[in-house]
Amino acid sequence: MVVLAAGEGTRMRSAALPKVLHGFAGRSLLGHALAATADLDAGATVVVVGHRRDEVTAHLSDIAPAAVPVVQAEQHGTGHAVRLALAAVPDDARTVVVLPGDAPLLQASTLRALVDAHDRLGAAATMLTSELADPTGYGRVLRGDDGDVRRIVEHKDATADERAVREVASGVYVFDAAALRDAITRLSTDNAQGEEYLPDVIGIFVAEGRRVGAAVVPADETAGVNDRVQLAAAHRVYNDRLLEQHMRAGVTVVDPVTTWVDAGVTIEPDATLLPSVDLHGTTHIAAGAVVGPQCSLTDTVVGAGAALDRVVAKQARVGARVTVGPFAYLRPGTVLGDDAHVGTYVEIKNSSVGTGSKVPHLSYVGDAEIGEGSNIGAATVFVNYDGVAKHRTTVGDHVRIGSDTMLVAPVSVGDGAYTAAGSVITKDVPAGALGVARANQRNVSGWVQRTRAGTAAADAAARANEPTEQTEGET
Ligand code: UD1
Ligand code: CA
């Protein structure tokens with residue numbers, strides 16, 4: 001199998017990335033092309049690299065370590081690219097599949113069917129084509145009066161009559177290896193672009209009386225991505241396909257238009273995705289969980305029956321029946337035990353929250369272990385950073401942390417202990433103790449009337465103090 005990925009991709013207008021490293025749904029364009037070959041038992045995968053080949057090769061070794069990169073230092077056309085690639089295709093390969101690196105919508109089942117049709121036909125070449133409403137830019141498939149394919153003409157070389165043809169070559173071919181090795185050496189560069197065109201092989205085969213097959217498939221399988229408008233359009237098609245698979249498998253997707261999932265995401269039946277949800281990487285949603293509205297989850301596991309409302313999570317594990325949000329941020333290393341609750345404006349990082357424990361409001365939990373059945377009062381901060389290093393905090397089972405407690409790590413609070421609201425806890429609190437670490441209150445009687453005379457507060461205080469000479473509080 002040969003994937004062509006040497007081109008420059010000028011129309012992407014990208015300084016950051018070579019074209020085939022752009023992508024969507026958690027995969028590069030190159031990754032999508034390789035995924036289309038999943039159902040073939042391809043003996044060897046050869047990827048032609050050229051433009052920014054160091055980056056493309058590095059990426060390839062990440063996603064497909066067994067693939068062999070072949071360098072096409074100067075891009076003299078798709079035929080030239082295949083000619084170079086054939087040097088790396090094993091001699092005993094009977095069939096060679098050629099794919100463009102920029103056609104991410106091709107499905108594995110379609111490619112499998114094309115190879116099967118090719119084998120049945122005993123053809124020299126079998127290609128995928130599509131009928132396009134606007135075929136501008138593509139190679140046109142020219143057929144004879146008998147309907148058989150004669151040759152392919154590139155847009156730039158086509159006459160006005162030929163340009164009126166709406167059937168285009170997709171760039172996806174299955175070749176008999178021997179026939180390809182023979183014809184590829186005879187390509188001419190006498191054309192508008194001065195390149196060796198791979199599609200010219202088709203005309204050569206027909207002229208030699210060899211058999212050529214073509215399968216016409218819907219345009220959304222063969223669309224090429226040359227710019228970012230086409231990238232977004234391809235992503236939309238791909239996402240719709242994924243969502244349809246999930247829905248047919250029993251997942252409720254309330255608003256497919258605002259729901260985006262990566263290829264690697266898994267969702268069990270009877271999970272529900274509410275509007276505006278994006279799920280990335282290896283995220284897994286268990287049965288009965290409700291995610292959304294407005295959640296963005298990356299590499300996160302959501303347990304059965306959990307409910308996440310307006311949550312951003314990365315590399316977090318959420319147990320069964322846990323409720324999170326609205327408005328919570330779960331950062332890497334967050335582990336929420338079954339039946340836990342994390343509420344509004346809570347951020348958690350590298351911490352575990354035990355079964356049934358609650359962090360309901362306005363808190364930061366960093367580098368901590370919280371046991372079972374504990375409650376972390378509103379606006380508690382796990383003060384984990386001393387400006388140089390991070391330290392850990394341990395909170396036991398059935399602990400009550402008072403509101404606005406600062407737990408200055410390293411510190412631990414034992415099982416069944418309490419902390420008083422507003423405490424700055426710098427020393428360990430033993431099991432069952434109440435940790436109090438705050439100044440005692442003092443009331444300065446009559447202060448407002450003396451120092452803020454004439455204000456609404458002073459007037460209100462005067463009215464409240466009128467009936468008796470002596471107020472009840474301390475003086
Ligand atoms: C190509 C086809 C055209 C087809 C269209 C489908 C040719 C001459 N034309 O046109 O018939 O309708 O795809 O999308 O094949 N590449 C190399 N080395 C090169 C040139 C290209 O590796 O020297 C790679 C590119 O990186 C790309 C693929 O081949 O992945 C297709 O090249 P591109 O320049 O995009 O061809 P199109 O003009 O789209
Ligand atoms: Ca292209």
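In this structure, Asp299 does not qualify as in contact (Cβ under 8 Å) with a residue 24 or more places away in the chain, crowded, with 17+ Cβ neighbours inside 10 Å and within 30 Å of Ile348 (Cβ to Cβ). For Thr136, the conditions (1) part of a strand (DSSP E or B); (2) surrounded by fewer than 16 Cβ atoms within 10 Å (Cβ to Cβ); (3) among the β-branched types (Val, Ile, Thr) all hold with the exception of (1). Consider Gln75 carefully, then state whether it is open to solvent by 30 Å² or more (accessible area, probe 1.4 Å), polar (S, T, N, Q) and either under 22 Å from Ile202 (Cα atoms) or within 16 Å of ligand 2 (Cβ to nearest atom) (or both). So Gln75 fits the description; yes.
May I ask you to say which residue of Ala320, Ala421 is closer than 26 Å to Leu279 by Cβ and either open to solvent by less than 10 Å² (accessible area, probe 1.4 Å) or hydrophobic (A, V, I, L, M, F, W, C) (or both)?
Working: Ala421 fails: closer than 26 Å to Leu279 by Cβ.
Selected residue: Ala320, the only one of Ala320, Ala421 that is closer than 26 Å to Leu279 by Cβ and either open to solvent by less than 10 Å² (accessible area, probe 1.4 Å) or hydrophobic (A, V, I, L, M, F, W, C) (or both).
Picking from residues in the range 1-38 that are more than 11 Å from ligand 1 (Cβ to nearest atom) and assigned to a strand (DSSP E or B), the one that is most open to solvent (accessible area, probe 1.4 Å) is Arg27.
Considering only the range 151-165, how many residues are open to solvent by 20 Å² or more (accessible area, probe 1.4 Å) and more than 21 Å from Leu99 (Cα to Cα)? Don't jump to the end; show me each part of the working.
First, the residues of the range 151-165 that are open to solvent by 20 Å² or more (accessible area, probe 1.4 Å): 151, 154-157, 159-165.
Checking which are more than 21 Å from Leu99 (Cα to Cα) leaves us with 156-157, 159-165.
Here the count works out to 9.
Tally time: how many residues in the range 99-126 are among the hydrophobic types (A, V, I, L, M, F, W, C), more than 16 Å from ligand 1 (Cβ to nearest atom) and surrounded by 22 or more Cβ atoms within 10 Å (Cβ to Cβ)? Working first, answer last.
Step one: of the range 99-126, the residues among the hydrophobic types (A, V, I, L, M, F, W, C) are 99, 103, 105-106, 108, 111, 113-115, 117, 121, 123-125.
Next, only the ones that are more than 16 Å from ligand 1 (Cβ to nearest atom) stay: 108, 113, 115, 117, 121, 123-124.
Now restrict to residues that are surrounded by 22 or more Cβ atoms within 10 Å (Cβ to Cβ): 124.
The total comes to 1.
Among the residues here, Val96 does not qualify as within 16 Å of ligand 2 (Cβ to nearest atom) and surrounded by 22 or more Cβ atoms within 10 Å (Cβ to Cβ).
Every residue, every condition in (1) in contact with a strand residue (DSSP E or B) (Cβ under 7 Å, 6 or more places away or on another chain); (2) modelled with pLDDT under 95, yes or no:
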| site | (1), (2) |
| --- | --- |
| Gly366 | yes, no |
| Asp404 | no, no |
| Ala421 | no, no |
| Val448 | no, no |
| Thr451 | no, no |
| Thr455 | no, no |
| Arg463 | no, no |
| Pro467 | no, yes |
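Lys19 meets the conditions (1) within 16 Å of ligand 2 (Cβ to nearest atom); (2) under 16 Å from Tyr173 (Cα atoms) in every case but one. The failed one is (2). Of all residues in the range 384-391, none are outside the structural domain of Ala316 (by TED's automatic domain parsing) and hydrophobic (A, V, I, L, M, F, W, C). Within the range 185-203, residues that are without any contact (Cβ under 8 Å) to a residue 24 or more places away in the chain have Cβ atoms under 9 Å from residues that are assigned to a helix (DSSP H, G or I) in these pairs: Arg186/Asp200; Arg186/Val201; Arg186/Ile204; Ser188/Asp200, counting only partners at least 6 apart in sequence or on another chain.
Selection of the range 255-288 for residues being over 19 Å from Ala304 (Cα atoms), of a type in the set (Val, Ile, Thr) and open to solvent by 10 Å² or more (accessible area, probe 1.4 Å) yields Val257, Thr258.
The values are calculated or read from the model by the stated rules, or taken from the named source; none is laboratory data. What you see is a predicted model, and the numbers here were worked out from it, not measured in a lab. Note: ideal-geometry Cβ built from the backbone for every residue, glycine included; neighbour counts use all protein chains shown. Note: areas computed on protein heavy atoms with side chains; ligands, DNA, RNA excluded. Shrake-Rupley method; radii C 1.70, N 1.55, O 1.52, S 1.80 Å.
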